[in-house]
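The values are calculated or read from the model by the stated rules, or taken from the named source; none is laboratory data. Computed from a predicted structure; not experimentally measured. Every residue, glycine as well, gets a Cβ built from its backbone with ideal geometry; the counts of neighbours run over all protein chains shown. The area values use the complete protein model at the heavy-atom level, side chains included, leaving out ligands, DNA and RNA. Shrake-Rupley method; radii C 1.70, N 1.55, O 1.52, S 1.80 Å.
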Amino acid sequence: MAPLDRKNLKIAQFNLENFFVYMDHPMQTSIDQISETDWQKQSISTFDNKSLHGIRGIAKCIRDMNADVYALCEVGGIESITNFAKYFLNGEYKPFSIEGNSDRGIDLAYLVKSDLPLKVELRTHKERPIDFLYPHERQSVLGGYLDPKHSLKFSRDVLEMRLFQEGKAVPEIVILNVHLKSQLDKDNIDPLGKDRRKAELEKLLIIYAEVYGEFEKKVPVLIAGDFNGIASSQTTDAEFISLHKKTALKDVFDIANIPAEKRVTQLQFAPSGKCWKKQFDYIFVSPNLKDLVIPEETFVYRFKDDFGVEMNLPSTLNEKRKLASDHYPVMTAIRTGVDIPDSE
């Protein structure tokens, strides 16, 4: 990558968990002094604002990680991320978002350091068909009720960010931010959402191939997101097998040799109290980035207490609910000021 005003480019992926930050009324007091009750009254939306505790906790994490770019999930639109950047990060980061397809109002977004000397270009893939229909929809197609070309789209989006040096026509790096289909299946037609998630993953890989090939595989591409399943090369859910068989994408945790127990990004608790420790959040890089990943700066960030001490993973659902988010962020850094090696 071309030289920047820093030795590396730090990139983080973070699911902020229902991150609604609406400020629909004039503030009667400072943001530092407002009560939780009055804060919730700031929103006239059907979605509650995220708690002040959660928002301030996330702001603390973002400052502590000090990444240049954050690829974010579950953000309540451009309004929420703009309010957050202005009132809770004091303009240290510039917000970017495009409304996606979520029926819960949770969009993809980015935060980019205000002093990062790169121009931002944003692209959405929300209108791309994923070449998938549920069984009852396929029957309707065969019965002539739907256009045979009909297909579902991404349940959220693939939000693409291209970062350019001033005056350059070719980007320094491209980031594909994704939040794949959840494991919820309220209609009981796709157990754990696996079929649709697989279709979204397959289309994501097509988009990746298009972007990577656009510049003859010379521009590095990074995929970051909440995959809502286990996409690791160590243990791979069935819907993600093609990620490892069909592409040369590399998990930054594999590059940095991070042990399995330190890759956990989400804990799921059963009513009985049983806990499953999983990695749902990932950063994958194109082959021409694998030798530029800095292992020492590649990790899952753990939340810290008021004294700056890293907290243990929660042992109960109650403890988990007290965290700033139900996901832990993933962090990596890419060396800059060096030539991009030839792609495989």
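Tabulated results
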item: Output for the range 186-195, where each listed residue is of a type outside the set (A, V, I, L, M, F, W, C) and at pLDDT below 90; result: Lys186, Asp187, Asn188, Asp190, Pro191, Gly193
item: Checklist (1) assigned to a helix (DSSP H, G or I); (2) in contact with a strand residue (DSSP E or B) (Cβ under 9 Å, 6 or more places away or on another chain); (3) acidic (Asp, Glu) applied to Glu319, failing item; result: (2)
item: Residue in the range 200-217 that is assigned to a loop (DSSP other than H, G, I, E, B) and either of a type in the set (Lys, Arg) or without any contact (Cβ under 8 Å) to a residue 40 or more places away in the chain (or both) present; result: yes
item: Strands (runs of 3 or more DSSP E) contained in the range 247-290 and holding at least 2 residues open to solvent by less than 10 Å² (accessible area, probe 1.4 Å) and touching a Lys or Arg at 6+ places or on another chain (Cβ under 7 Å); result: 281-285
item: Selection from the range 53-64 of residues that are open to solvent by less than 10 Å² (accessible area, probe 1.4 Å) and either over 16 Å from Thr82 (Cα atoms) or modelled with pLDDT under 95 (or both); result: Gly54, Cys61
item: Given (1) open to solvent by less than 10 Å² (accessible area, probe 1.4 Å); (2) closer than 20 Å to Asp281 by Cα; (3) not in a loop (DSSP other than H, G, I, E, B), index of the condition Glu17 fails; result: (1)
item: Some residue of the range 107-126 being open to solvent by 40 Å² or more (accessible area, probe 1.4 Å), in a loop (DSSP other than H, G, I, E, B) and touching a helix residue (DSSP H, G or I) at 6+ places or on another chain (Cβ under 8 Å); result: no
item: Residue ID - nearest to Ala333 (Cα to Cα), chosen from residues in the range 70-83 that are crowded, with 24+ Cβ neighbours inside 10 Å and of a type in the set (A, V, I, L, M, F, W, C); result: Ala71
item: Residue tally, condition in contact with a Cys (Cβ under 9 Å, 6 or more places away or on another chain) and among the β-branched types (Val, Ile, Thr), over the range 178-218; result: 1
item: Among the residues listed as Gly229, Gly225, the single one being outside any helix (DSSP H, G or I) and in contact with a His (Cβ under 7 Å, 6 or more places away or on another chain); result: Gly225
item: Pick from the range 291-314, criterion within 22 Å of Leu108 (Cα to Cα) and part of a strand (DSSP E or B), ranking: most open to solvent (accessible area, probe 1.4 Å); result: Phe299
item: Hey, Lys86 open to solvent by 40 Å² or more (accessible area, probe 1.4 Å), at negative phi and modelled with pLDDT of 95 or more or not; result: yes
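Residues checked against (1) buried (at least 20 other Cβ atoms within 10 Å of the Cβ); (2) modelled with pLDDT of 90 or more; (3) over 20 Å from Lys278 (Cβ atoms):
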residue	(1), (2), (3)
Gly144	no, no, yes
Arg156	yes, yes, no
Arg197	yes, yes, no
Val221	yes, yes, yes
